[in-house]
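The next block holds one structure in the form of structure tokens; read it before the comments.
The values are calculated or read from the model by the stated rules, or taken from the named source; none is laboratory data. Every value quoted in this text rests on a predicted model; they were computed, and no experiment measured them. All Cβ positions, even for glycine, are placed from backbone atoms using ideal geometry, and neighbour counts span all protein chains on display. Accessible surface areas use protein heavy atoms only, side chains included; no ligands, DNA or RNA. Shrake-Rupley method; radii C 1.70, N 1.55, O 1.52, S 1.80 Å.
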Amino acid sequence: MLVLVAPGQGAQKPGFLTPWLDLPGVTERLTWWSAVSGLDLIHYGTKADEEEIRDTAVAQPLLVAAGLVAAHALFSDGAGAPSGPAASAHRLGAAAGHSVGEITAAAVSGVLTDEAAMVLVRRRGLAMADAASRAETGMAAILGGEQDEVVAHLDKHGLTPANVNGAGQIVAAGTAEQLAALAEDKPEGVRRVVPLKVAGAFHTDHMTPAVATLEALVAGVPVADPRTAYVSNRDGKVVTSGTEVIERLVAQVSNPVRWDLCMGTFQELGVTGLIELAPGGTLTGIAKRALPGVVNVPLKTPDDLDAARALIAEHADPAAATPAEQELRDA
């Protein structure tokens, strides 16, 4: 069983879209999505510095655009394959995203069109940036320690376990003062507390104003039911209704991300292969520790596409394989 995952905020790096522009159609696609979102994605993905792409209102659309660029490249091989990731979703066992990566996963699985995803993520980023501006807040990764003990320690400091990622990693979120206190008083068994390059306490009550903004926006968005198993990062459950996917996308802005429960669901589904869309590396790194024996392919640059296509071919139903998939399998 093959699962496709999309990373969340913090995975972006200066210039990370540059090699993808060498692929046919990518510049044109990004130009269109830039017009749709009101953001120059090519500039921010190739020329902007680290501080510019740290901005929540920029980082989130940039990440979704990168993931969709990689997905289109992965599933549009010019050899009879369906054009676009949503048309190919049936070839996946499941799709999931971490935080804003859920919007990427929603588009890949056919719940949202690419254009709707870009409009939604741009408004999400703006709304969350506005909410973050109301107080000095942030996030920090806690490496090591027992999960229950870490969560109890965070509660003592008034912090929220905003991301429970599994494999010994929890992300705390709260005010600058609360995070400073945590750095001075680490939970027992914790190796490090690492401040994250994000601009607010995402997935906490600090984001409540953003939820209200998005609720008003999504009332008219066109949706479809997912074409593959869609694993929600709210609780790791498989969601089969497109309307419920959108409701969860809005609610997760102020609720913790339970990536550990997503990986538990992957195990229950019998996952044997995992592909992480661009900019890949974060979620495959967690999976290497939490899902031993699962083959992981992170899409960092177009050079990784052949390995990902080969993994898809290995997991494909022989009766439904495209000529390109059959060639990869035979090789």
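Summing charges over all other residues whose Cβ lies under 15 Å from the Cβ of Leu30, with Lys and Arg as +1 and Asp and Glu as -1, gives -2. Of all aspartates and glutamates in the structure, the ones whose alpha carbon falls short of 20 Å from that of Lys13, not counting any fewer than 8 places away in one chain, are Asp22, Asp40, Asp49, Glu50, Glu51, Glu52, Asp55, Glu102, Glu276, Asp303, Asp304.
A straight chain from Glu146 to Lys288 at 0.36 nm per residue would run longer than the Cα-Cα distance by 49.2 nm.
Across the chain, the longest run free of exposed loop sites, meaning GluC sites (Glu not before Pro) lying outside DSSP classes H, G, I, E and B with no more than 16 other Cβ atoms within 10 Å, spans 189-331. Using a 1.4 angstrom probe on heavy atoms only, work out the carbon and sulfur share of the accessible area of the range 70-219 in %. The C+S portion of the solvent-accessible surface of the range 70-219 is 50 percent. Taken along its three principal axes, the alpha carbon spread of the range 155-260 comes to 48, 29, 23 Å, from the longest extent down to the shortest. The orientation-averaged shadow of the Cα convex hull for the chain, equal to a quarter of the hull surface, comes to 15.6 nm².
If N is the number of residues in the range 168-324, what value comes out of its Cα radius of gyration divided by 2.2 N^0.38 Å? Each step should come with its number before you reach the end.
Values: Rg = 18.8 Å, N = 157, 2.2 N^0.38 = 15.0 Å.
Here the answer is 1.25, to two decimals.
For the modelled label position 7 Å from the Cα of Arg54 along Cα-to-Cβ, which residues of the range 3-24 have backbone nitrogen atoms closer than 14 Å? Output list for this probe position: 10-14. With contacts taken as Cα pairs under 8 Å and at least 6 residues apart, the range 46-181 reaches a relative contact order of 21 percent.
Distance from the C-alpha centroid of the range 213-241 to that of the range 247-268: 12 Å, rounded to the whole angstrom. Rounded to 0.05, the FRET efficiency of the Trp32 and Glu188 pair, given R0 = 45 Å and the Cβ-Cβ distance, is 0.30. Between Asp155 and Asp303, residue separation times 0.36 nm minus the direct Cα-Cα distance comes to 48.9 nm. List, in the order given, every pair from Lys237/Lys288; Lys47/Lys197; Lys197/Lys288; Lys197/Lys300; Lys47/Lys300; Lys197/Lys237 whose Cα-Cα distance in the structure shown is over 25 Å. Cα-Cα > 25 Å for Lys197/Lys237; rest within.
Once you keep just the Cα pairs under 8 angstrom separated by 6 or more residues, what percentage relative contact order results for the chain? That works out to 22 percent. Averaged over its residues, the chain has an accessible area of 40 Å² per residue, based on protein heavy atoms and a 1.4 Å probe.
With each label modelled as a point 7 angstrom along the Cα→C-beta vector, the Asp235-His43 pair spans 4.4 nm. Sorted from greatest to least, the principal axis extents spanned by the alpha carbons of the range 2-47 come out as 31, 22, 21 Å.
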